[in-house]
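The values are calculated or read from the model by the stated rules, or taken from the named source; none is laboratory data. Quantities reported herein were computed from a predicted structural model and do not represent experimental measurements. Here the Cβ positions follow ideal geometry from the backbone for every residue, glycine too, while neighbour counts run over all protein chains shown. The accessibility values were calculated without ligands, DNA or RNA, using every heavy atom of the protein model including side chains. Shrake-Rupley method; radii C 1.70, N 1.55, O 1.52, S 1.80 Å.
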Amino acid sequence: YFELGGIKRHRGDYAGAIDYWRRSGETANQAGMTHLEISALGNVGGMLFDAGNAEESLRVRNQAVERAFAIGDSFAAATFLTHVANNYHAMCDYETALAKLDQAIEIGRQMNDAEGVALAENQRATVLIALGRVDEAHELIARVARKSESWSEGRTRCYFRDKLAVTQMLKGQLAQAQETLRVALTFPAAAQEMSVRLRLQTTLALALLADGTLRVDEAAQLLAK
């Protein structure tokens with residue numbers, strides 16, 4: 001059931017993926033396979049969120065957090081707390097989102113999970129932007145991007161640089177934002193993964209548009225791709 005859920009998701013069948021992952025979670029619960037049950041719950045929550053049902057997604061993801069804490073799985077708890085924060089962000093409850101992220105960051109630090117902490121801090125920067133705390137967001141994501149250069153896998157490094165460029169744009173540092181994005185586009189992950197490349201190119205197009213009319217043609221070429 002769990003693997004079938006993954007296949008349905010890959011094919012874009014959200015309802016099918018949710019159905020199979022619900023079955024996976026129920027069966028895992030009956031079999032005493034708690035870790036698999038938690039993973040299934042998390043996947044159901046993620047699919048519900050992608051389908052636009054933020055409130056039901058929040059209920060399921062909170063259930064995953066509770067189950068993870070119940071068996072002492074701190075890694076899963078921190079991961080799902082980060083996901084729960086995304087729900088609160090989408091629901092414009094920014095203070096609760098920050099509280100959940102701070103909890104995830106603290107757990108990650110206790111486990112020396114540098115990448116987990118960085119992912120939560122990246123999301124924290126997103127919430128800070130929504131709150132208008134741009135300087136704070138910029139400081140945070142600049143530190144995360146700098147620290148992650150030596151250990152983070154390529155896709156994550158690209159996403160951190162994309163967020164850094166967003167904060168640079170918001171601070172009016174358009175040339176720096178463009179350079180940040182152009183460097184990220186040279187990373188192997190950007191060449192190999194279309195979703196990463198499109199994210200960076202779209203943000204770069206926005207930075208070029210914000211830079212004035214002389215850059216409109218270049219921005220249009222990027223968006224046409």
His10 vs (1) surrounded by fewer than 14 Cβ atoms within 10 Å (Cβ to Cβ); (2) at pLDDT 95 or above: all pass except (2)
Out of (1) under 17 Å from Glu37 (Cα atoms); (2) open to solvent by less than 60 Å² (accessible area, probe 1.4 Å); (3) over 16 Å from the mean Cα position of the chain (by Cα), the odd one out for Thr96 is which?
(1)
Find all pairs meeting these conditions: Cβ atoms under 6 angstrom apart; at least six residues apart or on different chains; first residue within the range 8-25 and under 12 Å from Ala51 (Cβ atoms); second residue buried (at least 16 other Cβ atoms within 10 Å of the Cβ) and of a type outside the set (Gly, Ala, Ser).
Tyr14/Met47; Gly16/Lys8; Ala17/Lys8; Ala17/Arg9; Ala17/Met47; Ile18/Val44; Ile18/Met47
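Got a sec? Which helices (runs of 4 or more DSSP H) wholly within the range 129-225 have at least 2 residues that are buried (at least 19 other Cβ atoms within 10 Å of the Cβ) and in contact (Cβ under 8 Å) with a residue 40 or more places away in the chain?
By residue number, 154-170, 194-210.
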Which condition number does Glu66 fail, the rest of (1) touching a helix residue (DSSP H, G or I) at 6+ places or on another chain (Cβ under 8 Å); (2) closer than 25 Å to Cys92 by Cβ being met?
(1)
Quick one: in the range 13-27, which of the residues that are of a type outside the set (Phe, Trp, Tyr), in a helix (DSSP H, G or I) and open to solvent by 20 Å² or more (accessible area, probe 1.4 Å) is farthest from Ala85 (Cα to Cα)?
Thr27
Within the range 57-74, how many residues turn out to be open to solvent by 50 Å² or more (accessible area, probe 1.4 Å) and closer than 25 Å to Asp13 by Cα?
2
Only residues that are of a type outside the set (Lys, Arg), touching a residue at least 24 places away in the same chain (Cβ under 8 Å) and closer than 21 Å to Val117 by Cβ: list them for the range 60-78, please.
Ala64, Ala68, Asp73, Ser74, Phe75, Ala76, Ala77, Ala78
Does the range 102-120 hold any residues that are part of a helix (DSSP H, G or I) and either open to solvent by 30 Å² or more (accessible area, probe 1.4 Å) or within 16 Å of Phe49 (Cα to Cα) (or both), and which are they?
Asp102, Gln103, Glu106, Arg109, Gln110, Ala114, Glu115, Leu119
